[in-house]
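See below for the structure under consideration.
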Amino acid sequence: MKEFNTTGPCNSAEHYMINAITRLQGVEELIDGKKYFVIHAARQSGKTTYLQDLAKRLNAGGKYYALYCSLEKAQNVIEPERGIPVIYDCITLSLQKTSAILYIYDESYEQDKKSRPLVLLTLFLMNFVKSLDKPLVILFDEADCLSEGTLISFLRQLRDGYNDRSIMPFVHSVALVGMRNIRDYKARIRPESATLGDASPFNIIAESLTIQNFTKEEIVQLYSQHTDETGQIFEDGAIKLVWEQTQGQPWLVNAIAREVIVKILKSDYTKPVTAELVTQAIQNIILARPTHIDSLLERLKEDRVRSVIEPMILGKEFIDRGSDDFLYTRDLGLIRVDDAAQIRPANPIYAEVIIRKLSFSMQETLQNPKYPYQILRYQKPDGSIDVDYLMHDFQQFWQANSDVWVNKYSDYPEAGPLLVMQAFLQRVVNGGGQIIRDMASGNGRLDLMMIYGGKKYPIELKIRYGKKYVDKGLNQTAGYMDLHCCDEGWMVIFDRRKTIKWKDKLYMKKETVDGKTVTIVGA
């Protein structure tokens, strides 16, 4: 029985999978053209699966010898005197594992590992290629884990061999593969540099390619493989929700299916996979914080990532979309640019875990018994939530604790108030409700949809930058309410001016916009 894979590369004999060749076009044309190129994509998006499949196809084709080689063992070995021998060992070990290529161990290079590391790779690859009767293609996986002197020497030795191919044999084609594009290798070489520049030790790059997420049709195709094998059906609503929540991120698509089928339904294939089960699976995955998600969240601490994520949370326009920081954060798979050219989290699941991560310490604090807040406190007799009461409680909390908590968000100081508010609202989720977060650059706010007992409560969070900004927010809130068919909504405005007294900051007033009631909540 096959399964949905969430650990390591896929194997067609064991896992449901989309044919790797369909997810990235043009690679074999680059190889035929003797090009050196880069493939980059976010973590666990299918890079290794693609490379291993490509190596098998190239070797089976008979035109080339193809070597898959992971450089992960050289991670964080910055001195070339140590790092280059590790890379050499990675290459020779990969050759020993590859039955398609005849490799005979040559101990003469053991001395070169110690005495001539800065030319070791060039010499070895040049001489090894001489012994082959077909061109050699090397697919270097995890290439972006190299850093500083090791990375510089590695790239230079490849470049030297490339440039001299007309006078000596060398590797026919090379792929450098990892999460980062080649422009981001500069951060591993010279952290103070803006770019690699024209003097790049790898300025021979022909093209940079990326592996795309699954399309909705590919999700259908993937899930249909399970249906064909077991008879278990994925309802249309379930597939639609998976697509909306993951935007086709491969690990998430597989993880949700596995969570539903194996953990929730206990492999009972007689029960269909429904949208309700998908919702439960997503919440389980978010709460479990598996390695895939944790590794992404660790990036939030990086200055380069923070410079992009904080403006997105605030709804500010991120001006330089060609900057290294923006492109780096996008390549990590944390953000995307939507059809309206707005910067958003890569998918709603990532949006949720980003906010939860950034507000986690406060969420933990608010679960302390000295804060006796429960969702029942805010329920009306009909079971709906008294949001005005909820907002009043938040105002009192904010007045008493704002200075302390905003200071705790030193990494994201401007977004601090919005993060505190969302941590406060987490009690709705803990009480069985749901909060949908919609953040995007350029819209000037962060939209929340609080759902409890089947009823929707739209809330907009803003930082005050002037009265016109507030007036604009009323129309924005009304538009958000109209989108979700709500007649009542709330706009929370944080006034960070030091000269304004709390009695003037804290207020609640209702406005009517296009027949809809918007409650403005001052904070």
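The values are calculated or read from the model by the stated rules, or taken from the named source; none is laboratory data. Keep in mind the model is a prediction, meaning the values are calculated, not measured. Glycine gets a Cβ as well: all are built from the backbone with ideal geometry, and neighbour counts include every protein chain shown. Keep in mind that these areas ignore ligands, DNA and RNA; they rest on the heavy atoms of the full protein, side chains included. Shrake-Rupley method; radii C 1.70, N 1.55, O 1.52, S 1.80 Å.
Below, the figures for the structure above:
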item	result
Filter pass, Tyr185 being modelled with pLDDT of 75 or more and of a type in the set (Phe, Trp, Tyr)	no
Subset of the range 201-234 (residues that are touching a helix residue (DSSP H, G or I) at 6+ places or on another chain (Cβ under 9 Å) and assigned to a helix (DSSP H, G or I))	Lys216, Glu218, Ile219, Val220, Leu222, Tyr223, His226, Thr230
Boolean, Tyr50 is touching a His at 6+ places or on another chain (Cβ under 7 Å) and touching a residue at least 40 places away in the same chain (Cβ under 8 Å)	no
From the options Lys240, Lys266, Lys271, residue that is in contact with a helix residue (DSSP H, G or I) (Cβ under 8 Å, 6 or more places away or on another chain), modelled with pLDDT of 95 or more and open to solvent by 30 Å² or more (accessible area, probe 1.4 Å)	Lys240
All positions within the range 1-45 that are within 20 Å of the chain's Cα centre (by Cα), among the hydrophobic types (A, V, I, L, M, F, W, C) and more than 17 Å from Gly248 (Cβ to Cβ)	Val38, Ile39
Residue within the range 223-232 that is open to solvent by 60 Å² or more (accessible area, probe 1.4 Å) and more than 23 Å from the chain's Cα centre (by Cα) present	yes
Residues that are touching a helix residue (DSSP H, G or I) at 6+ places or on another chain (Cβ under 8 Å), hydrophobic (A, V, I, L, M, F, W, C) and open to solvent by 40 Å² or more (accessible area, probe 1.4 Å), drawn from the range 91-107	Ala100
Selection count where residues are open to solvent by 20 Å² or more (accessible area, probe 1.4 Å) and either out of contact with any strand residue (DSSP E or B) (no Cβ under 9 Å at 6 or more places or on another chain) or part of a helix (DSSP H, G or I) (or both), scope the range 134-153	3
Tally, over the range 24-50, of residues that are surrounded by fewer than 21 Cβ atoms within 10 Å (Cβ to Cβ) and either in contact with a Lys or Arg (Cβ under 7 Å, 6 or more places away or on another chain) or within 30 Å of Lys263 (Cβ to Cβ) (or both)	2
Members of the range 254-284 that are more than 18 Å from Lys2 (Cβ to Cβ) and in a loop (DSSP other than H, G, I, E, B)	Thr270, Lys271, Pro272, Thr274
Qualifying residue in the range 8-23 (condition: open to solvent by less than 20 Å² (accessible area, probe 1.4 Å) and in a helix (DSSP H, G or I))	yes
Qualifying residues in the range 243-260 (those that are open to solvent by less than 10 Å² (accessible area, probe 1.4 Å) and touching a strand residue (DSSP E or B) at 6+ places or on another chain (Cβ under 8 Å)) - the one farthest from Asp331 (Cα to Cα)	Val260
Criterion violated by Ala255 - all others in (1) within 15 Å of Ile286 (Cβ to Cβ); (2) out of contact with any Pro (no Cβ under 8 Å at 6 or more places or on another chain) satisfied	(2)
